[in-house]
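Some notes on the structure that comes next.
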C-alpha cells in the first residue's frame, strides 16, 4: 500500500499529481472494484452528499460511469447537459456553477470543450471539482482507469512499452496518459499521421514515430485513440480510408505485435476505422474491462476527494 | 500483556466459541483489518483443531462504511474486503483487536450484511477498553482493560509487528 495521503479536494489533471498519489488512487480503486462483486453493490461512504454531472460536451460512457460510481457510494446525482440547461439561454459557466453550489452540491463533475474549465471552477467553488475532460487538455480519470487496467493485467507499469496510436494532437486522453505513464516509469511511443502527432510531443518524454509496424513491434500495450471528428479541421489527413490503410490496426499488422500485447481503447470505437472488428473483439482486447475498471477508479476518486477537509483557499 | 497471555486468552476464547455454538458446522470467522485478521485466523485455527475440521476465515475493511468521512483531515486508506465463502445462514464471529467506541463494529455489521445474511453474528475481541458510544457488547473477550479516554491501547501481533504484546500508551 502506498504511504502517501490524499490532500486534494479536486481532481483537475494528472499533471499535478505525484507518482505516490497516482498509486494511492489505483490502490483505493482495487478496494472499490471488489464492491462490485458483493451481493449488495453499494456502500454508504457518500451518503447525504450531492454530485452534479455538468456535461457541457456530450458523453455517454464517462457520464454514466460517474453517475453509477456516485450511486454506488450512496450519493445523490443530478445530470445537466448543455442543451437542456440555461446555458442555451446565455448563462455563463460561472453563474451555472455558482447556482449549483447555492443548491449545496458537494461534488461537480465537469466536461467542457474549453481547456482549463475545471481549473476555473475549482478556484471559484468550495465544492469538489472533478475534471471529466476539458477540451484537448486532460481526462484524468480515463488515464487512471487505463493505468489500473494495465497494472491489473501486467502487474506493473514501470518499464513497460506503451504505444499510443492515432489522433494525439487533439486528444486529452493522450495527454493525461502520457503524463501518467511517464511519471510511473513506462516508455511511451506515439504514432499516427505526422499532422496529428507533431514532434513537439517528444518534449513530454515520449518517442514519436510514423511507422506503425515499428510502433507496435515492441509494445506491451497498444492504446488506440479515436479520430476526433468534432475537433478536427478538414485538412489534417486526406481521408478516413487512407487513415485506415496507413494506421488502422488490422489482423495482419497485429500478428507482428508481441503475443501478449494488450489492446486498449477509451471508446467509443469506430469499427473498421482505427481498429478492425476482429481485433476489438479478440481475447487480448481489454476494452470492456476498461469500462468496468472505470467505475472502480471513479468511485475511488470521488471517495478520496470527499474524504479530507478542504483547506482554506481552494485548490489543494 | 505478553505473548503467552495473548496465547492463553485466544485458547480460552476458542473453547468458549465452540461451547456456545453447538451447531458448529455453521461457524465462520471474519476479521476486521488490519489486526483483526490474524486474530481471526488464529481463532479459526484453534477452533478447527478442537472441531477437527477447517473453519472459514474472511477479512473485512470497514473504511467505506465509516461515519466520519469528511470529518477527518485526510481520507482513510481503503483496502479490499475478502469473503470468499457464502455467509448466508452461517454463524459469523466478527473479530477485532480492541473494542472501544463500538463504531467500527457498527460499520462491520453493516458491511457484512452487504455480502449476505448470516443466521447470527457474534463478537470476539482481544481487548475491551470500555468507553462505548453505541449499544454494542462483545460475546468473547480476551481481557478487560480499564483505560482513560486519552490513552492508546496498542495491540501488536507477530504476523504484522513481529511479536505478540499489548501495551497502553499515553
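The values are calculated or read from the model by the stated rules, or taken from the named source; none is laboratory data. Bear in mind the structure is a predicted one, so any value in this text is a computation, not a measurement. Please note: Cβ atoms are built from the backbone with ideal geometry, for glycine as well, and neighbour counts cover all protein chains shown.
If I ask for residues that are within 12 Å of chain A (Cβ to nearest Cβ) and crowded, with 22+ Cβ neighbours inside 10 Å, which ones from segment B:84-102 would you list? Passing the criteria: only B:87.
A quick yes/no check of all residues on (1) assigned by TED's automatic domain parsing to the domain that holds residue A:25; (2) in contact (Cβ under 8 Å) with a residue 40 or more places away in the chain; (3) touching a strand residue (DSSP E or B) at 6+ places or on another chain (Cβ under 7 Å); (4) at negative phi:
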{"residue": "A:148", "(1), (2), (3), (4)": "no, yes, no, yes"}
{"residue": "A:151", "(1), (2), (3), (4)": "no, yes, no, yes"}
{"residue": "A:157", "(1), (2), (3), (4)": "no, no, no, yes"}
{"residue": "A:168", "(1), (2), (3), (4)": "no, yes, yes, yes"}
{"residue": "A:174", "(1), (2), (3), (4)": "no, yes, yes, yes"}
{"residue": "A:180", "(1), (2), (3), (4)": "no, yes, no, yes"}
{"residue": "A:191", "(1), (2), (3), (4)": "no, yes, yes, yes"}
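Filtered by the rule that a residue be over 21 Å from the mean Cα position of the chain (by Cα) and either outside any loop (DSSP other than H, G, I, E, B) or within 7 Å of chain B (Cβ to nearest Cβ) (or both), segment A:35-51 gives A:35, A:38, A:39, A:40, A:43, A:44, A:45, A:50. In the list B:67, B:61, B:114, B:110, which residue meets the criterion of being within 15 Å of residue A:35 (Cα to Cα), facing chain A (nearest Cβ under 10 Å) and in contact (Cβ under 8 Å) with a residue 40 or more places away in the chain? It is B:110. Note on segment B:70-83: among residues that are in contact with a helix residue (DSSP H, G or I) (Cβ under 9 Å, 6 or more places away or on another chain) and free of Cβ contacts under 8 Å to residues at least 24 places away in the same chain, the one that is nearest to the other protein chains (Cβ to nearest Cβ) is B:75.
Only a single criterion out of (1) within 14 Å of chain A (Cβ to nearest Cβ); (2) buried (at least 21 other Cβ atoms within 10 Å of the Cβ); (3) out of contact with any helix residue (DSSP H, G or I) (no Cβ under 6 Å at 6 or more places or on another chain) is not satisfied by residue B:105, namely (1).
Residue A:54 - would you say it is surrounded by 18 or more Cβ atoms within 10 Å (Cβ to Cβ), in contact (Cβ under 8 Å) with a residue 12 or more places away in the chain and away from chain B (no Cβ under 11 Å)? Yes: the conditions hold for residue A:54.
Just checking, does segment A:220-232 include any residue being over 19 Å from the mean Cα position of the chain (by Cα), modelled with pLDDT under 95, outside any helix (DSSP H, G or I) and not assigned by TED's automatic domain parsing to the domain that holds residue A:113? Talk me through it step by step, then tell me what you get.
Of segment A:220-232, the ones over 19 Å from the mean Cα position of the chain (by Cα) are A:220, A:232.
When the remaining residues are screened for being modelled with pLDDT under 95, the result is A:232.
With the extra rule that they be outside any helix (DSSP H, G or I), the set shrinks to A:232.
Checking the rest, the ones that are also not assigned by TED's automatic domain parsing to the domain that holds residue A:113 come to A:232.
Within segment A:220-232 (the criterion being over 19 Å from the mean Cα position of the chain (by Cα), modelled with pLDDT under 95, outside any helix (DSSP H, G or I) and not assigned by TED's automatic domain parsing to the domain that holds residue A:113), the answer is yes, since at least one residue qualifies.
Looking across segment A:13-34, the residues that are in contact with a helix residue (DSSP H, G or I) (Cβ under 8 Å, 6 or more places away or on another chain), within 13 Å of residue B:81 (Cα to Cα) and surrounded by fewer than 23 Cβ atoms within 10 Å (Cβ to Cβ) come down to A:30, A:31, A:33. Tallying residues that are crowded, with 19+ Cβ neighbours inside 10 Å, in contact with a strand residue (DSSP E or B) (Cβ under 7 Å, 6 or more places away or on another chain) and not in a helix (DSSP H, G or I) within segment A:193-219 yields 4.
Of everything listed in (1) within 14 Å of chain B (Cβ to nearest Cβ); (2) at pLDDT below 95, the single unmet condition for residue A:299 is (2).
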